[in-house]
Structure formats: structure tokens, C-alpha cells
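The values are calculated or read from the model by the stated rules, or taken from the named source; none is laboratory data. Being a predicted model, the structure only gives us computed values, none of them experimental. Counting neighbours? That spans all protein chains shown, and the Cβs are built from the backbone with ideal geometry, glycine included.
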Amino acid sequence: MSDKFLRVVLNAAQAAAVLAVTVLKKTKIFLEWGRGTGKSFILAFFMKEMVKQMPQASFALVGSTYQQILSRTLPSTKKGLRVLGLYEGTDYVVGKNGKRYGFAEPLYTPDKWDNIIHFSNGAIFQMVNLDNPNSGRGLNSFGIIGDEAALFDPVKLFNNVKTTNRAVEARFKDASLLGAEVYASSTPLTKKGKWFTDMEDVAKKKPKKYAFIKASALINKLNLRKEWFDEMKDESPSDLIYDAEIRNIRPTEIQNGFYLQLKPKRHYYTAYDNEYLESITADYTMAHLNCRQDADLVQGHPLILSIDWGVFLSAVVSQNLPQEYRVLKEFWASQQSETQDLEDLVNDFDEYYKPFLKKVIHLYYGHDGNAKFKKGTNETYGDVLVKLLQEKGWTVYNKSKHKPVAPHNDKFILVNIMLKETRSRFKKIRINEGNCPDLILSMERAEATEGRNGIQKVKKDEKNATMKQQHTTHLSDAFDIPIYALFKELLKKEKDYWDFNVIVGK
């Protein structure tokens, strides 16, 4: 590993993080930073320092899933290491043992190398994914780095990773980063990230050990294009997303939600095929991240594809299984032309599900899909979608042709009964959070109001022409459509289904 002099200029937030460890001797560092603040660089900085201070030591690089590490954390980490003068293939290798390159061996040799970053001085980072309970097993860690920490399950983080951060070695006793834990994230947009922001209170109570540092991208403006902030403002899905992701302003919690009984711990899950993902670590491309990465996809069962039409085209893919209704994946297409949007969405869907063996779709869509696609013809938007899917080799059963509009109040009651899980006749709903981040945000931020026909979903953001739509209620509408169509008959058997207090849990 090169020891050549490298001049690095840190912004104020990055300097505060470094000083918290090197001068103030804090070992628990939490960085709530907006995108563009320099998280990737500072994590790479701490990674390099851990490796430099403790040759041959073992460390953990944590992600909520291995897919997240592979697709987001690892590319940004490599970029940060390049800025710091460390190059893949020379100073470190990924997914393999560097012994053949003359690298030193680590103190604790891993059983396999698929999920290892091996540095030339023998230090290793094991990429630990929290969706696999065995991912951190057997690791003797001298330090931890976690990216996108707001997505972490704190219980799994403790059991799988924190308990491994116990290794000691006499020669490392003076290392300032021995046993250090550094977690970085933009401010959480969903309920799951509350554990991360709660660490601010812990840091206030125990300032000698904990540091919680908040910063917006404005602190790094000298390293960003002048136009970037305006571009992000214009292109963000909403002011809420811009404020959270760039300015690091925490969103206010929705009090009167349409999905009152939606509980992250109960209804969200992750299910990636980690053996497949680890097998492609060394030379993966984004094309590898198709449905082969999904461990929750049941071969032999048709896919449910539900579409919400309008100024924005959104889709949700599900399977209606014997014991549960499983929401697998989201898709959406930005506003271009009506034909282009539809073709883009179909292409994205088909590319992702090409490895799926049963090429059968049960198609559901909102009432707009029954509108005429062109004047002077009887062909509807739904008909066009069916043709596009059939051209890709899919067998399509159109379940929504000429179907009436579903009432909001009935959808509200049905969905919340199913989410509450107190009636055995209704199936459980489970949502793949790794594949449905925009859908989850759409549902968690969907408001409800009392209308003349009962409870209605608040749709005002859909009418805002200046607002990008993937975080408004479109995706949640696509989620509702097949659930109401498949399970609405069960409502008629519920004697107390009109009892609002029962539905909301009062």
C-alpha cells in the first residue's frame, strides 16, 4: 500500500467527524448528512485509516442487504478510495484473496472470500448484510463502518455485527480507531429509520463516547457545481424529498394516514438471494441485478401486475400466495409521451423478469386504463398494454377490462383490516422493502380525509404539475387495485366492517 503524501481538504462536517475520533477519542460516530455532503468520502477515509492503523485486522462494512452493498455502497466506497490514492487491483481486491498479488494474510482468515475486501497490508473488510442472520457470524472485528444506516434493523445490527466488535491485539492498543463504529446516512424518510435519529438523544446523554453530527449539502458547496442545488430542487420528487435528502431536514410524521395499520416491523421484509449476489461480487454489472437476486419470487405462480394510469405511470408486481399477498417489486415511468411511458415501463418489467419461468401475468389497472387510447378506435390503454406484454412473450389475463371505479372508503377499510391482521379470513400483506422503496414512501405519506362518501385518500400532490410523482399517491393506488379486486367480497361477510373505531384500532 502506497505511503506517498496525499493532501486532503475536508469540509467542516468531515473535519468534525475526524476530530471526534482523533482528538475527542469518541468511538461511536453517527453522521446524519444530506446527499452531497461527502458521506462516501468520509467513510472511505475512515476505512483507509482503519486499514493503515491496524494491518492484518478484520473490520465490518455493513449494509441493510448485500444488494445495497453491491449496488450502492461498494461503488461509492471504491470512488472514495481512489480519491485517497488506493486503487482496486493494486492496493486492494474485492471478492477474492489477494495472496496471489503478494498481499499479506489477515490475522483471522475468512472461510470464504466472496464478500471480502482484501487490502495489501493484510487488513480485510467483511461486507456484512443484515438480511442474512449468519452474515457476520464468526467475525472478530476491530471496527465497523455502516452506510445508509437509517435502513438498518437495529436488532439485527446488534446481534449480527456489534457483538463481533470485540477483537483485541496488543500491537493495536494505541490505534485511535480500535473498536470504533461509524454510521452514516441521509435523514430517514420512513418510519424504519427512527432508531438512527434516536441516537442523537443518546449522544447528548453520553457525549464522551458518542458523536451525532448533522449537516446539509450546503456545507460542501465548494466541492459541488454551483448549478447542482438548483438542479436538485427542480428534479427532486417533492420539496419534502429535497429538504430531507439535500438540506437534511427531517420530514414531519403523517398523523392522519390512509394506511393507518401499516407497521414496518410487521409488513416489510427483505429477501435477496445472497448466494447469487456474492457469486457475482468480483465482476458484477447492473444487468446482473434482475429477478435472480430475489429469494421471495415463487416460481410456478403467475405475477400480478397492477398499473395506475394518469399524468404518471406506476406499477406494482405481486403474487397472491396461499398464505399471504406478497408485494415483490415497483416500477414507474417518468412523464414523456403516453406511448413512450408505457413502452419504457414494459421494457423495464420484462428485462427484470426475463429469468422468471412462468411467463403469465394477471393484469389489473385503474379505471383510466379503460379509456380510449386514440379517438376513433375502440382500443383502450389496457389493450395497448396487453399487446406490448404479449409481444415480449407474456401470457396476459386482463382482470380489469370494463371494471368500475373502486370506492376509496371501501379500499381504506379493506386494506386496513388486512394490515391489522386480526381476522383470519383475510390474508397477510407483506412488502419487499428493498424492491419497493418508493411504494413504501408513497404509502407512509398518503394522507386521509373525510369526504362525502367516507374516507378518501388525499390526492392533491398528484395535481401539482411541478412535482415529480414517484413519492405521491400513484404507487399506493397501484398497490390498492388488485387487493380490492381480489378480496372485496370478504367485506360483505364482515358484520362490523363499517365500524371505523375497529378498523383504526381504537
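All but one of (1) buried (at least 18 other Cβ atoms within 10 Å of the Cβ); (2) not in a loop (DSSP other than H, G, I, E, B) hold for D131; which doesn't?
(2)
Give me the residue from segment 157-185 that is surrounded by fewer than 18 Cβ atoms within 10 Å (Cβ to Cβ) and aliphatic (A, V, I, L, M) and, out of that set, nearest to K214 (Cα to Cα).
V168
For segment 450-498, give me the residue count where each residue is outside any helix (DSSP H, G or I), at pLDDT below 70 and more than 19 Å from I429 (Cα to Cα).
11
Does segment 185-203 contain at least one residue that is β-branched (V, I, T), part of a loop (DSSP other than H, G, I, E, B) and without any contact (Cβ under 8 Å) to a residue 60 or more places away in the chain?
no
Those residues that are free of Cβ contacts under 8 Å to residues at least 40 places away in the same chain and over 26 Å from K156 (Cβ atoms), I need them from segment 46-91; list them, please.
K48, K79, L81, R82, Y87, E88, G89, T90
Would it be correct to say that A282 is in the same structural domain as K411 (by TED's automatic domain parsing), assigned to a helix (DSSP H, G or I) and of a type in the set (A, V, I, L, M, F, W, C)? Spell out how you get there, then give the answer.
Working: in the same structural domain as K411 (by TED's automatic domain parsing): yes; assigned to a helix (DSSP H, G or I): yes; of a type in the set (A, V, I, L, M, F, W, C): yes.
When the stated conditions are applied, A282 passes them.
Yes/no matrix, rows are residues, columns are (1) of a type outside the set (D, E); (2) over 27 Å from E444 (Cβ atoms):
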| residue | (1), (2) |
| --- | --- |
| V155 | yes, no |
| A167 | yes, yes |
| V182 | yes, yes |
| S186 | yes, no |
| A211 | yes, yes |
| I219 | yes, yes |
| L222 | yes, yes |
| E231 | no, no |
| D234 | no, no |
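Take the conditions under 24 Å from V155 (Cβ atoms) and exposed (fewer than 15 other Cβ atoms within 10 Å of the Cβ) and apply them to E278. Does it pass?
Taking the combined requirement at face value, the residue does not satisfy it.
Given the criteria aromatic (F, W, Y), within 15 Å of M50 (Cβ to Cβ), in a loop (DSSP other than H, G, I, E, B) and in contact (Cβ under 8 Å) with a residue 12 or more places away in the chain, does F142 qualify?
The answer is yes for F142.
Would you kindly identify the helices (runs of 4 or more DSSP H) lying entirely within segment 1-100 that contain at least 3 residues that are modelled with pLDDT of 90 or more, within 28 Å of the chain's Cα centre (by Cα) and under 14 Å from F125 (Cβ atoms)?
39-53, 74-83
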